[in-house]
Amino acid sequence: QVQLVESGGDLVQPGGSLTLSCTASESISEIYDPAWYRQGPGKQREEVARVIDQTDTKYADSVKGRFTISRDNTKNQFYLQMNNLQPEDTAVYYCYAIVYEGQTYYPSWGQGTQVTVSS
């Protein structure tokens, strides 16, 4: 069963902005340690942003100051606000979280959403 669903990927020009959303299915009662990863063409997956201990945030050096991760616990959603996008940000972006369903915790990945930055 799909646990995390992403949206918001698009084609944008350099300098543009996008907000990616990740929504947990209704069967998920809680989400923990939400994070965003990306994999560019010919590159390995890398972590770009994550939430630690509910409120603290960490960012990859390549996106720090441009990307912001946030969450809405009421809706079991989290987001990635991306500003001043550059061609090197082109990648498939994946959301990740530890999800709580029933009586178990387990890691879950979204399906990925394409972000393309090109003039």
Taking the stated definitions as given, is ILE69 open to solvent by less than 50 Å² (accessible area, probe 1.4 Å), free of Cβ contacts under 8 Å to residues at least 40 places away in the same chain and assigned to a strand (DSSP E or B)? yes
Condition test on TYR37, is it in contact with a strand residue (DSSP E or B) (Cβ under 6 Å, 6 or more places away or on another chain) and modelled with pLDDT under 95? no
I'm told GLN77 meets every condition in (1) of a type outside the set (D, E, K, R); (2) closer than 24 Å to LEU11 by Cβ; (3) modelled with pLDDT under 95; (4) open to solvent by 60 Å² or more (accessible area, probe 1.4 Å) except one. Can you identify the failing condition by its number? (4)
Do you know which of the residues in segment 56-66 that are outside any loop (DSSP other than H, G, I, E, B) and not β-branched (Val, Ile, Thr) is least open to solvent (accessible area, probe 1.4 Å)? TYR59
So, SER119, is that one open to solvent by 50 Å² or more (accessible area, probe 1.4 Å) and not in a strand (DSSP E or B) or not? yes
In segment 101-116, how many are hydroxyl-bearing (Ser, Thr, Tyr), open to solvent by 50 Å² or more (accessible area, probe 1.4 Å) and within 18 Å of THR23 (Cα to Cα)? 2
The strands (runs of 3 or more DSSP E) lying wholly within segment 1-55 that contain at least 1 residues that are open to solvent by 70 Å² or more (accessible area, probe 1.4 Å) and farther than 24 Å from ASN84 by Cβ are 4-7, 30-39
Taking only segment 40-58 into account, find how many residues are without any contact (Cβ under 8 Å) to a residue 12 or more places away in the chain and touching a strand residue (DSSP E or B) at 6+ places or on another chain (Cβ under 7 Å). 1
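Rundown of residues vs (1) of a type in the set (Ser, Thr, Tyr); (2) more than 15 Å from the chain's Cα centre (by Cα); (3) on the phi < 0 side of the Ramachandran plot, yes/no style:
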| residue | (1), (2), (3) |
| --- | --- |
| THR55 | yes, yes, yes |
| SER70 | yes, no, yes |
| MET82 | no, no, yes |
| GLN86 | no, yes, yes |
| ASP89 | no, no, yes |
| VAL92 | no, no, yes |
| GLY102 | no, yes, no |
| GLN114 | no, no, yes |
| SER119 | yes, yes, yes |
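The values are calculated or read from the model by the stated rules, or taken from the named source; none is laboratory data. Since the structure is predicted, the reported quantities are computational estimates derived from the model, not experimental observations. When we count neighbours, we look across all protein chains shown, and the Cβ atoms used for this are built from the backbone with ideal geometry, even at glycine. Keep in mind that these areas ignore ligands, DNA and RNA; they rest on the heavy atoms of the full protein, side chains included. Shrake-Rupley method; radii C 1.70, N 1.55, O 1.52, S 1.80 Å.
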